[in-house]
Amino acid sequence: MRCLRVRYTKLGKIRFIGHRDVARIWERSLRKANIPVLYSQGFSPHPRISFGLALPTGFESEAEYVDVYLGEDFFLDAFDEKIIQENINKALPSGMDVLAIGIFPTSGDSLQEAVDACVWEVRVSGTSFEEFEVIRKKLFSSDSLSIERERKGKILVEDVRSQVHSMDITEDHIDGVTILTELGTKPRVLRPTDLLKRINSELRTIRVLRKEQLTLQGNQRIEPLSIELHPAAPAEVLA
Amino acid sequence: MSSLWVELEQFLNEIEKPARYIGGEDGMICPEHSPEKASWLLIYPDTYEIGLPNQGLQILYEILNERDDSVAERSYAPWVDMSREMRKRNIPLFSVDTHRPAEDFDILAFNLSAELVYTNLLECLDLSNVPLYSKDRNEGHPIVIAGGHCTYNPEPFADFIDLAVLGDGEEVVGEISEIFSQWKSEPQAEMNRKELLQKFAELPGVYVPSLYEATFSNGRLVSISPKAEKNIPNIVEKRTISDLGAWPYPKNQLVPLTEVVHDRLNVEIFRGCTRGCRFCQAGMITRPVRERPQEQVVSMVKKGLERTGYDEVSLTSLSSADFSGIENVVSEVMTQDGCSPVSLSLPSLRVDAFTVGTASQMQQARRTGLTFAPEAGTWRLRQVINKLISDDDLFGAVESAYSQGWRRVKLYFLIGLPTETDDDTLGIVRLAEKTLEIGRKYHKNPSVTVSVGGFVPKPDTPFQWFGQNTEEELLRKIYLLRDAAKKVKGLKLKWHDSRATVVEGILSRGDRRLAPVLEKVWKMGGVFQEWSEHFNVDLWKTSMDEEGLLIEDFSYRHRELDEVLPWDHLSAGLHKDFLWQDWRDALDNLGLEDCRWTPCYDCGACTGYGIEHVVASAVPPAGGSQGTGVSLIQENEIKVAISQPEKVNGLQVSGVNE
Ligand code: SF4
């Protein structure tokens, strides 16, 4: 069995819908685009689609993923990636746009389990370039950073320092900075908002944008579907 | 054009369910506003999830945006966390389409379909920065309009609206737009709000409360009649579109980005119902039956599924199994080619094996639960309410449901119906017990859920003269049922809060003296009263007390024929003597057959307006019982607190008789 992997955006007003809403939109959009999704068997059949790591409501993204399970006959029929992409784009609401598309054999881990880190772009206010540089340096010079997290009603203190892979200032603004940060998602997702609040309670996040979801392959982190490879013929993506 | 979006997006993250406020639905229209056009804000004064699917609102939204003299956007009541934040930040009520402030619109049009939302009307006006009382508004304020079933007795909220529209809105919204856009083009100095309202009042179907005087004497209403002005009708007649086929709306049903109730394609297959259930206001006020042509139904379904991507469609009406040739329509819809299974639902009032057969054809996959609404526990009482289902009809339907794979059966009943005895009430448990017995023939552990609502007498029904059961009496009956139900294994009993029934009763047949009561309840924070977490009966009781009004007077006492009713100056076409005769027949346990397939009783709904039924078949559908009622309403509806505005029959109502 193979699946169609789609990388798409969640930008603008639509960032305020939840993860379940996104799933419902995909189910409808695939039907509108006439993609013959496989259905589960049983009492109440549902379309077989799965997603990458859930994006918190209110965050934007250029790296959302959905895997759509399809019957083999779909690939036998003339598979035109361009047309499929166009049809899906037409069916999706504004703010959700297809960035890349590819065919993958379905194997092993779901994307949700495979993702190991996310890259975030965060617009931060309540600071300055200089001040944030100090904050940043302090963070990287320490070897631990404990954070309180609620889990099943209990407050746990966890060290998340090793989950902060990188953090750089990319833009300077009058009231703050824009940063780019790669955060590990294991054992538990570390949200950029929680991290920033922890390192300095004065910081305000205005906009959070997920740039990438990364999976570990050997000792390299790679994108499940890179935009650069697009538009690539299916054979190339498979290779 | 001003949009509040930039301000809104700053805090939507901190708000519960922010998707309620973003718009962006498939089918959304962001109209071009211009000074010559009448701009409407269509407001559903309940949450987005409840309001978005409302078909009436969607129909008018499209019609108004298609016209060249009007534009329309939509708004819903902001939930309490949102309104708190909006007030703090000085943000007014806004449209979800372009996030334009409500006060920038010419017309605020409210859809009122349940009594408990009346305080939300006030909340929305206040959030719009519009004076609550019509008399306090001037030329600079929007015109406030109410439509929907509640306008058949708008008196409790009459002081807050500028006008009410009775009946079908398809045509009259155009007429209102025309008058308004003309008025708007007049030089500033000559604009006079009073004259404008006077003009509106001349339109058939439009009621302008400020042009009528209500007179009370000794705590009783003695008259409501036009003030001196000319051309104001003594009786305002409802509007009826005679041909549903001419209005194939909505053409582009809104597909929300977030979950709402009735989240599926909805195609209205007919309007009106003449089964004649005596408790059911919707049936009485929407007569006669007007079917949509079969081909149009099928094409609306096909186009709709293709456009929206839904895999579920509901053919809506008050009793969809009664549609002429329903079997054809169902099989055409079910055999559509497409790559995914389509499921179909059919809210229906019939209780018979035929309907279940159709249901099994419709729900090949998801056979979770089936719902029937016998409404009363004994045949005698069902004759009183004119729901002519025999016990055998019900058992036959139940048998075929269980035998075809359904495991869970839901039964809906009303308590507090006229002439009801404890034996009738307990008959509910007996029916459920027998249902379970039948179920055991097919399944090991069948379950039956019995939902019990309290009856609220409604205007324009034969029961409009009936004294509603008191809160205590309803509660006594609920306990009676609860004790009996405890002894039956597999039976689950649910009931409607009898305190909410009391408030619905006050408002249902209330008059203008209730305006200050509504204002007080609202001021004390009594919004979203149809939601159990916000409903507070004490606010209502205190406010009634403070105004020197008695619940007894409004709800519990029987009315006499010669009493002036608060809605006597408004007409749904029904002759008062027809209703009174039907009331007497009810008390004599006499049923009345459906006039669609038998001679006319001259109730007035056709005869008074020179129209007739539009029904493709002259005979009742095949396999039909005499049955007046069953609801195949699907299991997947979201359970919202006390009442569901779109419930087909009077389930959210309640009452008691001694
Ligand atoms: S006027 Fe006659 S046919 Fe028309 S709804 Fe009334 S009883 Fe039925």
Practice prompt. Return a yes/no flag: does the stretch A:92-112 have any residue that is farther than 17 Å from A:Glu62 by Cα and part of a helix (DSSP H, G or I).
Written response: no
Fill in: Of all residues in the stretch B:1-12 being touching a helix residue (DSSP H, G or I) at 6+ places or on another chain (Cβ under 8 Å) and surrounded by fewer than 20 Cβ atoms within 10 Å (Cβ to Cβ), the one that is farthest from B:Pro78 (Cα to Cα)
B:Ser2
Response to the item:
Scanning the stretch A:33-55 for residues that are surrounded by fewer than 21 Cβ atoms within 10 Å (Cβ to Cβ), touching a Lys or Arg at 6+ places or on another chain (Cβ under 8 Å) and more than 9 Å from chain B (Cβ to nearest Cβ) gives A:Leu38, A:Ser40
Fill in: Filter result (modelled with pLDDT of 80 or more, touching a helix residue (DSSP H, G or I) at 6+ places or on another chain (Cβ under 8 Å) and among the basic types (Lys, Arg)) within the stretch B:341-394
B:Arg380
Worksheet item: Given the stretch A:139-193, what strands (runs of 3 or more DSSP E) lie entirely inside it while holding 2 or more residues that are in the same structural domain as A:Leu209 (by TED's automatic domain parsing) and of a type in the set (Asp, Glu)?
Response: A:146-151, A:154-159, A:164-173
Worksheet item: From the set of residues in the stretch A:1-32 that are facing another protein chain (nearest Cβ under 9 Å) and outside any helix (DSSP H, G or I), which is surrounded by the fewest Cβ atoms within 10 Å (Cβ to Cβ)?
Response: A:Gly18
Fill in: Restricting the stretch B:567-586 to residues that are of a type in the set (Gly, Ala, Ser) and within 14 Å of the ligand (Cβ to nearest atom), the residue that is nearest to the chain's Cα centre (by Cα)
B:Ala572
Item to complete: Go through (1) assigned to a helix (DSSP H, G or I); (2) under 20 Å from the mean Cα position of the chain (by Cα) one by one and return the number of the condition B:Leu197 breaks.
Response: (2)
Worksheet item: Given the residues B:Arg275, B:Arg271, which is the only one that is buried (at least 23 other Cβ atoms within 10 Å of the Cβ) and within 14 Å of the ligand (Cβ to nearest atom)?
Response: B:Arg275
Discussion item. Would you confirm, using the coordinates I've provided, whether B:Ser134 is touching a Phe, Trp or Tyr at 6+ places or on another chain (Cβ under 9 Å) and of a type in the set (Ser, Thr, Tyr)?
Written reply: yes
Worksheet item: Which of the residues that make up the stretch B:236-252 are surrounded by fewer than 23 Cβ atoms within 10 Å (Cβ to Cβ) and part of a loop (DSSP other than H, G, I, E, B)?
Response: B:Ile241, B:Ser242, B:Asp243, B:Trp247, B:Pro248, B:Tyr249, B:Pro250, B:Lys251, B:Asn252
Worksheet, complete the sentence: Of (1) over 27 Å from B:Arg559 (Cβ atoms); (2) of a type outside the set (Phe, Trp, Tyr); (3) buried (at least 18 other Cβ atoms within 10 Å of the Cβ), B:Leu579 fails just (1)
Discussion item. Can you report the number of residues in the stretch A:170-189 which are surrounded by fewer than 17 Cβ atoms within 10 Å (Cβ to Cβ) and touching a helix residue (DSSP H, G or I) at 6+ places or on another chain (Cβ under 6 Å)?
Written reply: 1
Worksheet, complete the sentence: Residues of the stretch B:552-576 being in a loop (DSSP other than H, G, I, E, B), surrounded by 15 or more Cβ atoms within 10 Å (Cβ to Cβ), of a type outside the set (A, V, I, L, M, F, W, C) and in contact with a strand residue (DSSP E or B) (Cβ under 9 Å, 6 or more places away or on another chain), in sequence order, are B:Pro566, B:Asp568, B:His569, B:Gly573
Discussion item. If I ask for residues that are at pLDDT below 95 and farther than 20 Å from A:Ser61 by Cβ, which ones from the stretch A:177-203 would you list?
Written reply: A:Pro187, A:Lys197, A:Arg198, A:Ile199, A:Asn200, A:Ser201, A:Glu202, A:Leu203
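The values are calculated or read from the model by the stated rules, or taken from the named source; none is laboratory data. None of these values were measured; they are calculated from a predicted model. Ideal geometry is used to build each Cβ from the backbone, glycine not excepted, and the neighbour counts take in all protein chains shown.
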